[in-house]
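In what follows, a structure is listed as structure tokens, so that the remarks can point back to it.
Read-outs: derived from the displayed coordinates by stated rules, not from any lab. These figures come from a predicted structure and were not determined experimentally. Note: ideal-geometry Cβ built from the backbone for every residue, glycine included; neighbour counts use all protein chains shown.
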Amino acid sequence: MNTELSYEGVPTSELDRIRCNSYDDFGNAVVSRTSEEGGEPLRCCLTLARAGEQITLVAHRPMTVGGPYAEVGPVFVHVADCPAPVADGFPFDYRDRQAVLRPYDVAGQMLDGVVAEPGTSETELKRLFEDPAVDTVQVRNVVAGCWNFTVRRQG
Ligand SMILES: [Zn+2]
């Protein structure tokens, strides 16, 4: 089975809309803040914030197919335009983080997830995608459960 995976943050079209309107799609104003210590997971370019960067917390619904699992949750993004994520495997800044990997089928129903220890997320993802029922996997923060990005098979 093809295990080439793509890693998707907040879509560019939605980022453009949020930055242009200064509101997210759920009516929350974009409030710029300075990252003091760095380390906030950014869902625009899939990096961790560096100290001093201008970021904002907005609402995003990662699930595109709808249904009861289509949660809306908070995500940090850069206030200004930033480079698209590097298409080079599992996002580098997220490799050494513990993560919840939550798989969904094509209808958006949740399947059995796992907690990946630091350094193991990419291997765990490949294992989850060996199950043909798995359509997407959402990588999430362990404690707060916030969505980081969505993973799917390429093609
Ligand atoms: Zn960014």
Problem set entry | GNM result for the chain, Cα springs below 10 Å: residue of Ala144, Ala99, Ala133 fluctuating most strongly | Ala144
Problem set entry | Radius of gyration and Dmax over the Cα atoms of the range 90-153, both given in Å | 10.7, 31
Exercise. Which of the listed residues, Gln98, Ala87, Leu15, is farthest toward the dipole's positive end in the chain, when Lys, Arg count +1 and Asp, Glu count -1 at the beta-carbon?
Worked result: Leu15
Seminar exercise, completed: Taking Asp88, Asp93, Asp24 and counting other beta carbon atoms within 10 angstrom, the fewest-first order is Asp88, Asp93, Asp24
For this session: Calculate how steeply helix 12-21 sits against the longest principal axis of the alpha-carbon atoms of the chain, using the helix alpha-carbon long axis, and give the answer as 0 to 90 degrees to the nearest 10.
Result: 20 degrees
Exercise. Per 5 Å bin, what is the whole-percent P(r) computed from every C-alpha pair distance within the chain?
Worked result: 2, 9, 19, 22, 21, 15, 8, 3, 1
